[in-house]
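Before any comments, here is the structure.
Nothing in this text is a laboratory measurement; each read-out follows from the coordinates by a stated rule. Here the structure is a predicted model, which is why all the values come from computation and not from measurement. Positions of Cβ are generated from backbone atoms using ideal geometry, with glycine treated the same way; all protein chains shown enter the neighbour counts.
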Amino acid sequence: MAFSVGVLTASDRGSRGEREDVSGKVIAEMVSTIGGEVTSYRVVSDDLEALKAAMIEMADREKVTLLLTTGGTGFSPRDNTPEATAAVAERQVPGIPEAIRAYSMKITPRAMLSRATAGIRGRTLIINMPGSPKAVREVLEFILPVLPHGLDVLAGDVADCGLPGQGDVMKKKE
């Protein structure tokens, strides 16, 4: 399944050209392994309104299927990515960040400090990730195998999940 991916990096220094966005490059490289193609990419400041505007543009006008954010999920007063995501999402998806934190806790206890969230806006799944390229790689290695199914369901391409007596067999709409 091919799907469009938006990459949104929250970084004051990156938005001013003072820092290279390595995490965004990691995302682009890794999503291609499951049929994702980055069709929209932005580096914006950590400003709440700038983040919300970029998310709305990517989801509503550019119609990306998956919007992966990197950065802005910590405790700094300028870390606004979770608040921006919550403000633009129509539905929350708590299982994804819960699973990411549980997985990441096996790597570092600092994972408990993540405020990352996930949500759905229209037909776009938005997932917050850390700003570190190493952490982005670890998170994507964990979640990428599961995402195609969720994106198929979100797109309306799956009629039934786990039909009675068929375990995890999925039936695609004809």
Handout entry: Added length on full extension, which subtracts the Cα-Cα distance from 0.36 nm per residue, Arg101 to Arg19
Key = 26.9 nm
Practice task
Take the Cα atoms of segment 1-105, find their three principal axes, and give me the spread along each one in whole Å, biggest first.
Solution key: 39, 31, 28
Completion exercise
Any residue on another chain or 5+ positions along whose placed amide H is under 5 Å from the amide H of Met129 is listed here as Thr69, Thr70, Gly71
Practice task
Per DSSP H run of at least 4 residues, take -39500 (n - 2.57); add these up for the chain, divide by its residues and hand me the 222 nm value, nearest 500 deg cm²/dmol.
Solution key: -10000 deg cm²/dmol
Handout entry: Fraction of beta bridges assigned by DSSP in segment 3-172 that are antiparallel (%, nearest 5)
Key = 35
Handout entry: ³J(HN,Hα), Karplus 6.51/-1.76/1.60, whole Hz, each residue of segment 40-47, x for Gly, Pro
Key = 8, 9, 9, 10, 10, 5, 6, 5
Practice task
For segment 73-121, report the convex hull volume of the alpha-carbon atoms normalised per residue, in Å³, without decimals.
Solution key: 55
Handout entry: Residues of segment 56-83 with amide N under 20 Å of a point placed 7 Å along Cα→Cβ from Ser132
Key = 69-82
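Assuming 0.36 nm per residue, please report the length gained on full extension of the stretch His149 to Met112 beyond their Cα-Cα distance.
Full extension of this stretch gives 10.6 nm more.
Could you work out the relative contact order of segment 9-90? I mean the mean sequence separation of Cα pairs under 8 Å and 6+ apart, divided by the number of residues, in percent. Provide the component values of the computation, followed by the final result.
Values: 94 pairs, mean separation 27.4, N = 82.
Value for segment 9-90: 33 percent.
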